[in-house]
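The block underneath contains the structure these notes are about, expressed in structure tokens.
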Amino acid sequence: MIYLLSVLYAFVLILYVLWRPSIRNFGLPLLDSFVIGVFLFAAGSVVVWVEAIEYSSEVAHIGLLAGISGTLGASISARTLLGGAVDLSLAKRIRQISIGSGERFAVIFGLLLCTAVSIAFMFSIYLNEELFDLYYKSVILNEISLTPARIAMSSGEYGYFYPGYIKQVRDILFPILLVSVIIFRFGRIVDAILFASFFFVAAAGFLSGQRLVFAQFFLCILAAVLVDFFSRGRAARFSLLLSGSMGATTVAGMVFLTVMLGRLDIALSPDVAPARNVETKVSASQTESQPENVAQKNAVERKLAEIKRPEDAAVENDPASLSRTTKAAGASSELEPITAANGDVIVAPREADAEGKSASPRQATEVEVNLKRLEPVVSETVTAVSTQDSGVAIKKGTEVNADTPVAVPADTAAEPAKAPASDFYQLPRPIAAIVALVHRAIIAVPRENTISYEFWAVDAPTYGQGWITDLGGVKPGTQKQLSNVLSEANRGGQAGNSPMALAVDIFHNWGWVGVAVFPALFALVFAATDKILTLGNSPIFIGNKIFLFFSIPLMYSPFLILLYGGAVTISIIIYITILRSKLLGYFGLHPSHLRSV
């Protein structure tokens with residue numbers, strides 16, 4: 001069935017290419033963005049299906065059906081709503097738009113608002129002692145990744161920081177105004193305000209820990225510069241120094257966040273996915289200090305001497321014998337983590353108590369000694385202890401988990417574990433950051449939705465109840481949503497967030513009928529929005545349209561449509577409508593208009 005749906009999807013994509021809106025008239029059509037978004041999930045779900053993960057077939061069927069519905073709906077909407085004759089091309093429209101005083105006021109006020117909100121956000125973090133300590137350990141001391149601080153801030157663990165409301169101003173309104181100022185001529189004063197505001201917004205965006213924000217900023221700047229150039233040619237006058245410096249800052253912020261969040265340590269293959277939850281930070285001095293290793297080994301030997309069994313000597317340099325001996329020892333002992341003097345963690349057999357029972361219910365028989373599975377789980381070297389000691393030393397910072405297979409080297413030489421061939425640990429960081437983003441865009445969401453299938457499919461369909469619950473998140477305060485439960489299912493903890501993709505979210509709320517109908521309706525809404533913004537003859541509308549083009553692939557549900565630009569777009573449309581009704585004319589605020597040529 002997946003092969004048949006894939007072929008049908010290919011035909012629908014060809015139909016959309018033939019009927020899609022004209023670039024000459026609409027620039028970056030919003031329907032293109034929507035079609036790309038549903039295609040990315042459908043393609044990713046097929047890749048996960050090839051990986052043969054449990055329930056991947058169900059998710060692939062949902063993704064392909066939603067892709068067919070959405071693309072077919074986009075084709076029909078493009079043919080009917082956007083296929084008629086347009087009096088002006090987008091380039092001519094941009095050249096003839098005369099900026100009104102009402103929109104100039106809105107741009108200046110909006111940039112100042114973005115600056116004030118960003119400063120207030122950073123100051124609130126500074127005043128929160130617990131949260132500031134996490135940021136200090138991550139950014140300044142580099143002791144931990146930025147992820148704990150980001151999750152604590154967004155989840156409200158140490159106080160509520162209004163993340164959704166701040167996002168509307170810092171991450172959505174600002175790039176809309178940024179694009180408007182680059183394309184249109186608001187004057188040097190506005191350019192200076194924009195440049196100063198950008199760095200406050202970028203600093204606040206970095207503290208939020210969202211790489212996507214910087215990626216959107218970069219794409220918006222690039223698109224605005226290109227639109228300005230192709231619209232005005234040699235008359236394009238916005239400073240390349242300003243746009244170039246802002247673009248370089250966004251790229252640097254995206255790469256830096258990828259490193260700080262530990263995203264370069266995330267494995268691409270599902271076989272090595274546990275590496276995501278393993279953080280290993282060991283300095284070279286620790287790994288090369290022989291006296292510390294000798295002292296550590298002596299401490300382990302003293303601990304093990306009390307419980308050493310006669311048959312332990314028979315397993316020296318013999319991994320097979322070691323496996324049998326470890327299982328045999330499970331009747332009376334289990335692995336016990338011991339912290340050595342240098343801070344390293346030593347895993348060794350724990351002595352049974354007086355009644356012959358181990359202090360922990362999990363016996364050593366449950367621990368598999370498997371040398372081959374060490375490399376996908378731990379990317380750092382494992383300090384070797386003699387196999388006759390039946391102990392393993394694991395580098396400081398490595399998570400010790402009874403469910404994780406433990407590998408015991410056969411000799412005393414410390415060999416570094418090699419990264420799996422399917423990962424990108426050896427790539428330069430800028431390239432690895434791009435690969436990590438591509439992985440997140442195509443593979444991560446379908447894989448997470450597949451892993452958590454049993455959580456979101458059990459109640460499907462909820463007949464819109466899930467959408468109503470999500471929209472309740474608009475209220476101030478911290479609410480626990482289904483995405484938090486799915487994050488826990490994906491080993492991200494309830495404080496994290498693992499959203500359902502558009503196709504999955506529709507299936508959860510409306511079942512198979514919804515998957516066949518709602519994507520086409522979503523396409524119709526985006527086509528109508530595109531027509532309003534493109535033909536509205538407003539500089540802010542043009543900036544809004546370009547931002548939405550890079551945001552629509554993330555709009556997985558009605559709530560996320562509001563969160564990722566829908567609410568700001570509606571507000572801007574209302575403001576421009578009031579401006580054109582001349583109600584604000586008494587205050588000297590007038591709308592933009594087309595100059596006669």
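The values are calculated or read from the model by the stated rules, or taken from the named source; none is laboratory data. Remember, it's a predicted structure, so these values are computed and weren't measured experimentally. As a convention, Cβ positions derive from the backbone with ideal geometry for all residues, glycine included, and neighbour counts pool all protein chains shown. The accessibility values were calculated without ligands, DNA or RNA, using every heavy atom of the protein model including side chains. Shrake-Rupley method; radii C 1.70, N 1.55, O 1.52, S 1.80 Å.
With every protein chain left in place, what is the accessible area per residue of segment 101-260 in square angstrom, probe 1.4 Å? Before the final figure, lay out the partial values.
Values: 6870 Å² over 160 residues.
Accessible area per residue, segment 101-260: 43 Å².
Rounded to whole Å, give me the distance from the Cα center of segment 175-225 to that of segment 1-18.
That distance is 38 Å.
Please report, in cubic angstrom per residue, the volume enclosed by the convex hull of the alpha-carbon atoms of segment 1-142.
203
Across segment 502-512, in residue order, what do the Karplus-derived ³J(HN,Hα) couplings come to in whole Hz, using 6.51 cos²θ - 1.76 cosθ + 1.60 with θ = phi - 60° and x for Gly and Pro?
Coupling constants for segment 502-512: 4, 4, 5, 5, 5, 4, 4, 8, 10, x, 5 Hz.
Could you look at segment 101-260 and say what percent of its accessible area is carbon and sulfur, using a 1.4 Å probe and all protein chains? Mind dumping the intermediate values first?
On the way: 4870 of 6870 Å².
Carbon plus sulfur share of accessible area: 71 percent.
Report, by chain and number, residues whose modeled amide H sits under 5 Å from the one on H593, excluding near sequence neighbours (fewer than 5 apart, same chain).
Amide H neighbours of H593: S98, G100.
Show me 510-517, 166-173 ranked by packing, highest mean number of other Cβ atoms within 10 Å first.
Ranking the peptides 510-517, 166-173 by packing returns 166-173, 510-517.
Note down the net charge around I99, summing +1 for each Lys or Arg and -1 for each Asp or Glu among other residues with Cβ under 13 Å from its Cβ. Numbers along the way, then the final one.
Numbers: positive: R95, R104, R185, R595; negative: E103.
Taking every Cβ under 13 Å from that of I99, the sum is +3.
Mind listing the long-range amide H neighbours of L261? Cut-off is under 5 Å, sequence gap 5 or more, other chains count too, H placed in the peptide plane at 1.01 Å from N.
L146
Leaving ligands and nucleic acids out of the surface, order I442, I546 by accessible area at 1.4 Å, largest first.
Working: I442 50, I546 10 Å².
Result of the area sort, largest leading: I442, I546.
Can you run the Rg to Rh ratio on segment 101-260? Use alpha carbon positions and the Kirkwood inverse-distance Rh.
My calculation puts Rg/Rh at 1.01.
If we sort 130-137, 580-587 on the protection proxy, mean other Cβ atoms within 10 Å, highest first, what's the order?
Highest mean packing first, the order is 130-137, 580-587.
Could you tell me which residue out of V255, L226, L177 lies farthest along the dipole of segment 101-260 toward its positive end? Charges go on the beta carbon: Lys and Arg +1, Asp and Glu -1, centred on the Cα centre.
Positive-most Cα among the choices belongs to L226.
Amide H to amide H under 5 Å from G83: which residues, 5+ apart in sequence or cross-chain, H placed 1.01 Å off N in plane?
Result for G83 returns nothing.
Output ³J(HN,Hα) for segment 164-173: one whole-Hz value per residue in order, computed from phi by the Karplus curve 6.51 cos²θ - 1.76 cosθ + 1.60 with θ = phi - 60°, and x for Gly and Pro.
Calculated HN-Hα couplings, in order: x, 6, 5, 4, 4, 8, 6, 9, 10, 4 Hz.
Sort 113-124, 560-571 for me by packing, meaning the mean count of neighbouring Cβ atoms within 10 Å per residue, highest on top. Don't skip to the end; give the middle numbers.
Details: 113-124: 18.1, 560-571: 20.1.
Final packing ranking: 560-571, 113-124.
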